[in-house]
Number of protein chains: 2
Amino acid sequence: MSDDDGGFPTDYEIAKSAEKEHITDVLDSWGIGSEDLELFGDYKAKLSHDAVTRLRDNAENKEGNLILVTGMTPTPMGEGKTVTTVGLGQTLNHVGEDAMIAIREPSLGPVFGVKGGAAGGGYSQVLPMEDINLHFTGDLHALTSAHNLISAMLDAKISQSDEFDLDVNDVSWPRSMDMNDRALRNMVVGLGESGGTPREDRFLLTAASELMAVLCLAEDLGDLKERVARIIVAYEKDGGVITVDDLDATGPVTMLLKDAIKPNLVQTIEGTPAFVHGGPFANIAHGTNSLIADKTAFGMGDYLVTEAGFGSDLGAEKFMNIVCRLGDMTPNAVVLVSTVRALKYHGMGMWPADLDAVTEAGVEELEAGFENLDKHVANLQKFGVPVVVALNRFPDDSDEEVQAVLDHCREDLGVRIAESNVFAEGSEGGVDLAEHVIEAADEADEDDFDHLYPDEASIKEKIETVATEVYGAESVNYVGSAEDDIARMEELGFGDMPVCLSKTFHSLSDDASKKGAPSGWELDVRELYPSAGAGFLVVLTGDVLDMPGLPAEPAAAGMDIDEDGNISGLF
Amino acid sequence: MSDDDGGFPTDYEIAKSAEKEHITDVLDSWGIGSEDLELFGDYKAKLSHDAVTRLRDNAENKEGNLILVTGMTPTPMGEGKTVTTVGLGQTLNHVGEDAMIAIREPSLGPVFGVKGGAAGGGYSQVLPMEDINLHFTGDLHALTSAHNLISAMLDAKISQSDEFDLDVNDVSWPRSMDMNDRALRNMVVGLGESGGTPREDRFLLTAASELMAVLCLAEDLGDLKERVARIIVAYEKDGGVITVDDLDATGPVTMLLKDAIKPNLVQTIEGTPAFVHGGPFANIAHGTNSLIADKTAFGMGDYLVTEAGFGSDLGAEKFMNIVCRLGDMTPNAVVLVSTVRALKYHGMGMWPADLDAVTEAGVEELEAGFENLDKHVANLQKFGVPVVVALNRFPDDSDEEVQAVLDHCREDLGVRIAESNVFAEGSEGGVDLAEHVIEAADEADEDDFDHLYPDEASIKEKIETVATEVYGAESVNYVGSAEDDIARMEELGFGDMPVCLSKTFHSLSDDASKKGAPSGWELDVRELYPSAGAGFLVVLTGDVLDMPGLPAEPAAAGMDIDEDGNISGLF
């Protein structure tokens, strides 16, 4: 997002030149003392258990404003959701409100693969970006260890005891790693004389581990432990479930997560406090940072700006239907991030993308892309929450193009819209957006908010609600093991859980190549399984890529560090 | 070491009841200010790059005393090497010297497997033991990530490019994990339509990764980067080497290790500063903490007490022949830890161990075990360094047994010996030992110290020196690929590197079942490979277990944490 912006400095250059305050100084005016913090160097801290409890108690007596940031259907160019989240948080403080930010922790896999860092950018980033993008406070590593301890204890039971009458072809707990590694997608383990019991297995990215979802939905350490205990790792031949607790792994796994559950605090480039905590996928999991961070934030500020992964069909739908349901929260406004180039890309129906062609396209292609934006606006309005479109402006965008988007939203949709320049200008570039958000939140009536389906709806009704009302499908087909899986879920007593649909993020439909707002298509549901610890049912439609690969020349190959510790290529 | 000691509190109970000072207060009188530290909570810190440089410069102008702690051939009962190291460091301060401690970082695998924690015990432990035994400051996790980034970049090259004419059966870089997991000892990866190129692979424990050895031998970040670049990951079909640098991975791998290379400081239960940094295996690697920690310590104190893994044949031999050679250091005294029960165990020639029988045995069995102690004393004396035997006393040891050991050392061997009670009494129990160590170090003549072979000896001469002089073998046989490997090493220009022999630690010989001091046996050398980054040649004798497994009921199954964060079962 930065290297090709002409003379504009890179994210890392901006980050390096920023004057950071000691994190205890940043938090001093937010009711947090040094005794509340476990420092990780001078600029990162975990909030102690006691401080979390106190701040959450504070929050009980307050009317906080929860602002969710989501986006159009993602394009390979990046729309700037994290930039907008960070920029909006900074700007709300700039205009006199007390606002906090909560975003997800980056995963090492994407950092070294293609995507790069995930700490915002330009003058709207969280600092120190190089630490946040690398090991940060070790939460992802703790999750990886905890995940693989379960795997190792499971395989030890399989090969060293006959306690379970287990089907080695019905093990549902893979191994995990925080690294993009195609070679680990499918493998055979347990080989050789001393390797135990041979079986098929695979690694998934740690962000896709059920433990990540569990950590992000847990109320506290006690709740985390109960959730860990419930996780299903395999099935017996008679269909009975084997849980983490059956492996005697609940204690050590929770112990490994004792610090990871404490929320991390950093500062933005303008000194706004930001929680960066937890980072679940937004397909097989719910895609937003930890509930603990959200709830603690309201003990500190009056506004919380948080971000959902992918578009309104994935992250935002799951935030509304799963997170707000399980966490008993009500959003006061939603910001929908859009860009001129994403609109053109959707208008041109590109697959794969040709970035030069997008840059050269004009208002006609732009307007053809409105249908994608319109569908996301309509999706969000279904939840009864006011919507503000943020047009994240890029240097190449012409005034005519920008005006076309503003006019469309105001005149055709009657929805609030503001241009945002927080990447290039920080809070100076977000004032219009912040004012719209404040207005929207002021006008919001919390009673208008509703999930799209009740707990007691049948599993099929829940799936069909999301498929038709949010994705725009005509109907749903159940293929593969789906019907059997639904029966099994109901038998196991999981029928009242919300559903977490896994679908490509490249399209509103289940076909990654279809841009805009596809209609007249049917959604194939092919498999369901419970995330019993997290508390939702995962519904698989297409193939899930939960272990990305590296290209022959990954982003990593362009990264370097000199003998004095100066980094390059990590942007 | 604690739970079965009658009414004696567990290590964790002692640790919990200890009054810890803030780490900045602990270090204040050692010339370290808060600006030198990167805090990890209140009790752990990393030393900044600048502070390391300053302290090492200080050390140049000083005559420090380097004290190495090693042990007899290990038994399943534990001899208390770390306890003695920590206790001796504490006692040296107690009797008026300025002493530092440097030990290895525990690995999660053994913690959850059988061995348990590795932070000392009783009143001679480093704190906070629960953090040190779990994620600590994330060094092991950083190494795991860096290791697996190399693996992922290598497999991406294999499957996504034709840059190398690589033999997939001649890949020398495995994957790594900090978890005991038998199922990952042998596997086939790269399977399935999207998995890349199928090939055999395996995981080793992170402690066994060459990156760990590299980290522990690097002078600084620049040297680390050069060493990383040199690591050999695979061979081309024509025999050419493929290095980490050939994968363009040097930069990102070094970047991932930028914090791990900074030494960690904690305190002992009596407030002695202790470096806990790096933890390589003592078979395929050199088995001692980082050279950076050792060198920095002499800028702080006059004594450094450090520990080598396993016995004089493994950790101590490698410390003398590899670490002191590469790091240009001279030990001033060696402490050889022995116990009454280990002597009995060796005297009874037990395999496997019967702990009850050991407890019931008497002086006769004890005396039959002297040959093991004697051989370790003789081994250490060959390096020209004064030896002090520490008899680490346990509650079951009778006065008669203890006296027999004291008499044997004084009268038969003419070697210094002291009873040590640092486990139960802290520094009060180590005064006699400390006084002997001070005397020995005072009398030591640094000119007497020598490695057992010169750089320019042939590879076979080096191997044979260690095998015959240290292990007590009659001769060496070269089997399997050994002769070819030696020729290849010489061709590649590695002939002047020291050798790092991998042998079972259960016996002085290559047969784990043989106790005491076996003679009349021949050592089979079956394979050699270069640790080109670390700078030594690994020489394999028996099978190397670099990925331990978990039993059906691992130590982990007995661990727990309550909702307030109190841990149990981690001792």
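The values are calculated or read from the model by the stated rules, or taken from the named source; none is laboratory data. All of these numbers come straight from a predicted model, not from anything done at the bench. In this analysis, Cβ positions are derived from the backbone assuming ideal geometry, glycine residues included, and neighbour counts consider all displayed protein chains. Remember, those area values only see protein heavy atoms, side chains included, never the ligands or the DNA or RNA. Shrake-Rupley method; radii C 1.70, N 1.55, O 1.52, S 1.80 Å.
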(message) Leaving ligands and nucleic acids out of the surface, order B:Arg54, A:Arg325 by accessible area at 1.4 Å, largest first.
(response) B:Arg54, A:Arg325
(message) If I take the Cα coordinates of the stretch B:1-139 and project them onto the principal axes, what are the three extents in Å, biggest first?
(response) 46, 32, 27
(request) Calculate the spin-label point distance for B:Asp170 paired with A:Asp564, positioning each point 7 Å from the Cα along the beta-carbon direction, and give it in nanometres. (result) 4.3 nm
(message) Can you give me the long-range amide H partners of A:Val69? Hydrogens built in the peptide plane at 1.01 Å from N, cutoff under 5 Å, separation of 5 or more residues or another chain.
(response) A:Thr306, A:Glu307, A:Ala308, A:Val335
(request) Let me know the mean shielding of A:560-569 by other chains, meaning the per-residue number of their Cβ atoms within 10 Å of its Cβ. (result) 6
(request) Would you mind giving the total buried accessible surface between chains A and B, with a 1.4 Å probe and ligands, DNA and RNA left out, rounded to the nearest 100 Å²? (result) 5700 Å²
(message) Using helices alone, I'd like the mean residue ellipticity at 222 nm for the protein assembly as shown: each DSSP H run of four-plus residues gives -39500 (n - 2.57), total over residue count, nearest 500.
(response) -9000 deg cm²/dmol
(message) Quick check: residue separation of A:Leu545 and A:Glu483 times 0.36 nm, minus the Cα distance between them. What number comes out in nm?
(response) 20.0 nm
(message) Give me the percent relative contact order of the stretch B:194-326, please, defined on Cα pairs under 8 angstrom at least 6 residues apart.
(response) 22 percent
(request) Just need the relative contact order of chain B here, percent rounded to a whole number, with Cα pairs under 8 Å and 6+ apart. (result) 20 percent
(request) For the protein assembly as shown, give the percent of accessible area contributed by carbon and sulfur heavy atoms, probe 1.4 Å, rounded to a whole number. (result) 41 percent
(message) Placing the label point 7 Å from Cα along the Cα-to-Cβ direction, what are the distances from B:Asp57 to the equivalent spots in the other copies, shortest first, in nm to one decimal?
(response) 5.1
(request) Take the Cα gyration tensor of the stretch B:1-65, multiply each eigenvalue by 5, square-root it, and list the three semi-axes largest first, rounded to whole angstrom. (result) 33, 16, 10
(message) Can you give me the convex hull volume of the Cα atoms of the stretch B:273-328, divided per residue and expressed in Å³?
(response) 79 Å³
(request) Could you state, as a whole-number percent, how many of the C-alpha pairs of the protein assembly as shown are farther apart than 40 Å? (result) 47 percent
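What does the highest-first list of A:497-505, A:360-368, B:508-516, B:174-182 look like by mean Cβ count within 10 Å?
Most protected by this proxy first, the peptides run B:174-182, A:497-505, B:508-516, A:360-368.
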(message) Please list the three semi-axes, largest first and in whole Å, of the ellipsoid equivalent to the stretch B:404-518, using sqrt of 5 times the eigenvalues of its alpha carbon gyration tensor.
(response) 37, 19, 14
(message) Over all directions, how big on average is the projection of the convex hull of the alpha-carbon atoms in the stretch B:197-339, in square nanometres?
(response) 11.6 nm²
(message) Taking the Cα centroid of the stretch A:498-571 and of the stretch A:379-408, what is the distance between the two, rounded to the nearest whole Å?
(response) 25 Å
(message) Run the simple label-point estimate for B:Ser398 and B:Glu200 please: 7 Å along Cα→C-beta, distance reported in nm.
(response) 5.4 nm
(request) Could you work out the mean count of beta carbons from other protein chains within 10 Å of each residue's beta carbon in B:128-135? (result) 3
(request) State, to one decimal in nm, how far the label point of B:Glu236 lies from the label point of B:Ala357, with both points 7 Å from Cα in the Cβ direction. (result) 5.8 nm
(request) Note the full-extension length gain between A:Glu435 and A:Val114 as 0.36 nm times their separation in residues minus their Cα-Cα distance, in nm to one decimal. (result) 112.0 nm
(request) At 1.4 Å probe size, with every protein chain present, just tell me what the per residue accessible area of the protein assembly as shown comes to in Å². (result) 33 Å²
(message) Here is the link list: A:Lys81/A:Lys514; B:Lys16/B:Lys258; A:Lys44/B:Lys295; A:Lys44/B:Lys46; A:Lys460/A:Lys515. Which ones come out longer than 24 Å on Cα distance?
(response) B:Lys16/B:Lys258; A:Lys44/B:Lys295; A:Lys460/A:Lys515
(message) If you average 1/r across every pair of different Cα atoms in the stretch A:455-571 and take the reciprocal, what Kirkwood value do you get, in Å?
(response) 16.6 Å
(request) Find the percent of Cα-Cα distances in chain A that exceed 47 Å, and round it to a whole number. (result) 9 percent
(request) Sort B:442-450, B:478-486 for me by packing, meaning the mean count of neighbouring Cβ atoms within 10 Å per residue, highest on top. (result) B:478-486, B:442-450
(message) I'd like to know which of A:Leu256, A:Ala552, A:Val276 lies farthest towards the positive end of the charge dipole of chain A, counting +1 on Cβ of Lys and Arg and -1 on Cβ of Asp and Glu.
(response) A:Leu256
(message) Please give the Cα centre distance for the stretch B:124-165 versus the stretch B:1-61, rounded to the nearest Å.
(response) 25 Å
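Can you tell me the convex hull volume per residue for the stretch B:476-544, based on C-alpha atoms, in Å³ to the nearest whole number?
So the per-residue hull volume is 91 Å³.
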(request) Starting from the Cα of A:Glu193, step 7 Å toward the Cβ, then list every residue of the stretch B:530-545 with an amide N under 19 Å from that point. (result) B:540-545
(request) Grab every C-alpha pair in the stretch A:431-480, bin the distances at 5 angstrom width from 0 up to the longest one, and report whole percents. (result) 4, 16, 16, 14, 12, 12, 12, 8, 4, 2, 0
(request) Could you work out the relative contact order of the stretch B:1-160, using alpha carbon pairs under 8 angstrom and six or more residues apart, expressed as a whole percent? (result) 21 percent
(message) Using the Cα centre of the stretch B:139-256 as origin and beta-carbon charges of +1 (Lys, Arg) and -1 (Asp, Glu), tell me which of B:Asn148, B:Ala183, B:Leu221 is placed farthest towards the positive end of the dipole.
(response) B:Ala183
(message) Need the full-extension length gain, B:Asp328 to B:Ala512, defined as separation in residues times 0.36 nm minus the C-alpha distance. One decimal, nm.
(response) 62.9 nm
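Would you mind giving the mean number of other chain beta-carbons within 10 Å of the Cβ of each residue in A:155-167, as a whole number?
Mean shielding by partner chains, rounded to a whole number: 3.
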(request) Please sort B:74-83, A:310-319 by packing, taking for each peptide the average over its residues of neighbouring beta carbons within 10 angstrom, highest first. (result) A:310-319, B:74-83
(request) With the convex hull built on the Cα atoms of the stretch A:139-256, state its orientation-averaged projected area in nm². (result) 7.3 nm²
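Considering just Cα atoms, how many Å³ per residue does the convex hull of the stretch A:317-467 enclose?
Cα convex hull per residue, to the nearest whole number: 134 Å³.
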